Structure formats: structure tokens, C-alpha cells
1. Can you name the residue in the stretch A:96-113 that is in contact (Cβ under 8 Å) with a residue 40 or more places away in the chain, under 25 Å from A:P2 (Cα atoms) and over 16 Å from the mean Cα position of the chain (by Cα) and is also nearest to the other protein chains (Cβ to nearest Cβ) among such residues?
2. Checking B:S49 against (1) farther than 11 Å from B:C88 by Cα; (2) within 10 Å of chain A (Cβ to nearest Cβ), which test does it fail?
3. Among the residues of the stretch B:1-49, what is the count of those that are within 15 Å of A:K42 (Cα to Cα), in contact with a Cys (Cβ under 9 Å, 6 or more places away or on another chain) and not acidic (D, E)?
4. Got a sec? Which strands (runs of 3 or more DSSP E) wholly within the stretch B:7-75 have at least 1 residues that are farther than 20 Å from B:F92 by Cα?
5. Which residue is surrounded by the most Cβ atoms within 10 Å (Cβ to Cβ), if the candidates are limited to the stretch A:50-95 and must be acidic (D, E) and away from chain B (no Cβ under 14 Å)?
6. Can you find a residue in the stretch B:49-67 that is surrounded by fewer than 20 Cβ atoms within 10 Å (Cβ to Cβ), at pLDDT 95 or above, within 11 Å of the chain's Cα centre (by Cα) and of a type outside the set (K, R)?
7. Within the stretch A:9-19, can you find the residues that are under 15 Å from the mean Cα position of the chain (by Cα) and surrounded by 13 or more Cβ atoms within 10 Å (Cβ to Cβ)?
8. Restricting attention to the stretch A:30-43, report how many residues are more than 17 Å from A:Q6 (Cβ to Cβ) and facing another protein chain (nearest Cβ under 8 Å).
Amino acid sequence: EPEVTQTPSHQVTQMGQEVILRCVPISNHLYFYWYRQILGQKVEFLVSFYNNEISEKSEIFDDQFSVERPDGSNFTLKIRSTKLEDSAMYFCASRDSPNEKLFFGSGTQLSVL
Amino acid sequence: RKEVEQDPGPFNVPEGATVAFNCTYSNSASQSFFWYRQDCRKEPKLLMSVYSSGNEDGRFTAQLNRASQYISLLIRDSKLSDSATYLCASPFSGGYNKLIFGAGTRLAVHP
């Protein structure tokens, strides 16, 4: 079964450093998403991406965050200057149409020290 | 009203029990709903989609009540392996229907 893949599975960084989280969505999918989940809390929407541009973003997704689809397969989330409160599990997700189910990657656990 | 609201639980039930969770949603225009299962520190995995009145898959049944704006998940003959957090998801109003998740309901099935 096709799956969304994310790398790395764990990322440890110092506060103020830049991190890039990588995702390879399912190949025929057109809608891409990043969610995050702080330990013990709910899965929160960050951003959606369609047709090579951001279609929607939450208030969490401020100027420190950016997304990119640099080629036909990768979808990245960049955090420019990490803060302690960015520590969370980050999930990438994709789907082939806006009303269909989301498929999630296994996540990147980001720890900011 | 929160976009998607769930009873956090935990629901502690013995093996073989039947258990039901409810989830309320605020977007009355939503056409599709989803139940996901999440194990500790893992990604959400789709359990069931609910597009109309309901859906059944083996021991799992999902129902939709549009008048009262809630969906339910019924698990029959609970197994130890059903222990997990169950997330309800509903599209938020908008052109690209981002999915909004509830905080989840924890289920613990004991021998």
C-alpha cells in the first residue's frame, strides 16, 4: 500500500537553529498538509498546500515557518529559528481530493533544547 | 462551540465489552467525517469514513446524526488490541476542507 514517508524520525536541535523536516507524499496525491502534536495534546493543523502554493494556514504557522515542494516528490517544512515551544511531533499528510481521507506519515519528533 | 469536541475519557472496559464514543462538530455543512485511531507517539491511522448516515466494518460501526451534529463510534466485542486513542475529524469550512481533529477519546481494554 502506498504511504507517506517522513525523514528524519527524530530531530534534536538547539534553540534558534533552523530545521527542515522532509516528507514524500503519496505519488498521485495533490493536497498536502502539515500537522503537529505537542505531547499530550491534540493534532493541530498547520498548513495546507495545493497547486504549488499555500492554500490555508493556521495562526501557529507564523513567519518562522515555510513550506516548499522543491521537486515533484518532496514536501518540506522549514522552521527558521526554532523555539522551545516548537518541540512536538510533526506529521505530514496527503490526499487525492479535498473530501477524501488523509494519509499520515509516521512523523518527525522535533526536540528543541 | 469547539469545532470538534470529544469526551477525553479514559474509557476502561473489559475484553468483550461494547463501548461507544461520541463526537460533536460545529460545521453544519460538513459532508464527510472520519474516525482515526492513534497509538501512543504514532501517526493517526484511518479507522472509518462516514459520508452519509453511517458505516459498518466488522466490529466497528460509525453513525452520523446531522440534526444534532454528532458522529458516534461503536466498538463491539472489545479486544486488548483496541486500546488506543480514537480521534474524530471533520472538515473545517473552507475551499480545501482541512481536517480538524478532536482531542481524542482514550480507550483502555483490560483482561
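The values are calculated or read from the model by the stated rules, or taken from the named source; none is laboratory data. Here the structure is a predicted model, which means the values were calculated and not measured. Note that each Cβ is placed from the backbone with ideal geometry, even for glycine, and that neighbours are counted across all protein chains shown.
1. The extreme case among them is A:P98.
2. Here B:S49 clears every test but (1).
3. Adding up the residues that qualify gives 5.
4. Values: elements: B:11-14, B:19-25, B:33-38, B:45-50, B:54-57, B:60-65, B:70-75.
Result: B:11-14, B:19-25, B:33-38, B:54-57, B:60-65, B:70-75.
5. Here is the first cut: in the stretch A:50-95, the ones acidic (D, E) are A:53, A:56, A:59, A:62-63, A:68, A:71, A:85-86.
Now drop any that are not away from chain B (no Cβ under 14 Å), which leaves A:62-63, A:68, A:71, A:85-86.
Numbers: A:D62: 9, A:D63: 7, A:E68: 13, A:D71: 7, A:E85: 10, A:D86: 20.
Checking each candidate, the answer is A:D86.
6. Yes - at least one qualifying residue is present in the stretch B:49-67.
7. Within the stretch A:9-19, the subset under 15 Å from the mean Cα position of the chain (by Cα) is A:9-11, A:18-19.
Residues satisfying the conditions are A:Q11, A:V19.
8. The total comes to 2.
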